[in-house]
Amino acid sequence: MSAETQAAQGRDEHVLRVFRRAFRTWRGQRPFWAGLFTMIGGLPIAYLPYADLRLGNITIAMATTAGAGSLIIGVLLVTLGLTMWFQSAVRVFAGIAAIVLALISIPVANIGGFLLGFLCALLGGALSVSWAPGATPAPAGQDAEAETAPRAAAAPVPDPALQEQYGKAAPATVPTEAAVPTPRADEHHPNVTETTAHADGGRNSAG
């Protein structure tokens with residue numbers, strides 16, 4: 001096996017892998033199986049009234065007086081299945097309509113396409129009604145950034161002037177509130193006058 005053949009196989013596998021990943025993402029964003037079962041249910045309902053069953057030399061016609069009704073029901077079911085795929089916002093309406101058409105097909109379209117179309121359309125409608133979009137997971141990087149952001153904001157920032165003076169080992173600047181010392185309890189307050197101090201002392205001595 002030559003190198004060109006191996007490179008071509010590698011490209012084909014890469015394209016196939018990308019296609020499968022994109023299809024899986026597309027399938028997860030809509031009621032895929034609901035639309036598929038609904039379209040499968042519409043095919044026998046629309047086809048069987050116009051089909052012929054041959055048993056040896058005997059040909060049995062499956063057509064009934066409601067052949068046009070069967071064709072309309074089958075086409076509507078296929079349309080509803082495509083609507084579930086490409087217009088998932090109306091999935092509840094499409095699912096209810098598929099269930100109603102499946103029930104109507106029992107007396108109209110040869111017992112719902114010999115129960116094959118009826119069961120598939122009924123299952124597809126139920127899946128469409130019950131389907132709900134999943135929650136989009138947040139990227140892992142955002143959680144780590146959200147956790148480290150408060151810590152980074154609380155960390156002291158070095159002063160550029162101090163870095164030039166002390167070099168790389170410059171002390172970090174302390175917040176202004178922490179740098180201002182608070183007065184001690186035994187320290188003389190400038191707003192307290194001498195008269196007030198004597199008056200307080202007089203009250204204390206009197207007490």
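Could you please give the count of residues in region 50-70 that are buried (at least 17 other Cβ atoms within 10 Å of the Cβ) and at pLDDT 75 or above? Please lay out each step first, then the result.
So in region 50-70, the residues buried (at least 17 other Cβ atoms within 10 Å of the Cβ) come out as 67, 69-70.
Subsequent filtering for residues that are at pLDDT 75 or above retains 69-70.
The qualifying residues number 2.
Residues of region 75-133 being part of a loop (DSSP other than H, G, I, E, B) and of a type in the set (Phe, Trp, Tyr), which ones? Quick ask: steps written out before the conclusion?
Initially, region 75-133 is screened for residues part of a loop (DSSP other than H, G, I, E, B), giving 87, 109, 115, 131-133.
The one that is part of a loop (DSSP other than H, G, I, E, B) and of a type in the set (Phe, Trp, Tyr): Trp131.
Pairs please, first residue from region 96-122 and closer than 14 Å to Ser70 by Cβ and among the acidic types (Asp, Glu), second anywhere and part of a helix (DSSP H, G or I) and open to solvent by 10 Å² or more (accessible area, probe 1.4 Å), Cβ atoms under 8 Å, 6+ apart in sequence or on different chains.
Correct list of pairs: empty, since none qualify.
From the list Leu119, Leu77, Leu123, exactly one residue is open to solvent by 70 Å² or more (accessible area, probe 1.4 Å), within 31 Å of the chain's Cα centre (by Cα) and more than 21 Å from Gly28 (Cα to Cα). Which is it? Break it down into steps so the answer makes sense when it comes.
Values: Leu77 fails: open to solvent by 70 Å² or more (accessible area, probe 1.4 Å); Leu123 fails: more than 21 Å from Gly28 (Cα to Cα).
Being open to solvent by 70 Å² or more (accessible area, probe 1.4 Å), within 31 Å of the chain's Cα centre (by Cα) and more than 21 Å from Gly28 (Cα to Cα) holds for just one of Leu119, Leu77, Leu123, which is Leu119.
The values are calculated or read from the model by the stated rules, or taken from the named source; none is laboratory data. Just so it is clear, the structure is predicted and the values come from calculations on it, not from any experiment. Note: ideal-geometry Cβ built from the backbone for every residue, glycine included; neighbour counts use all protein chains shown. Heavy atoms of the whole protein, side chains included, go into the accessibility calculation; ligands, DNA and RNA do not. Shrake-Rupley method; radii C 1.70, N 1.55, O 1.52, S 1.80 Å.
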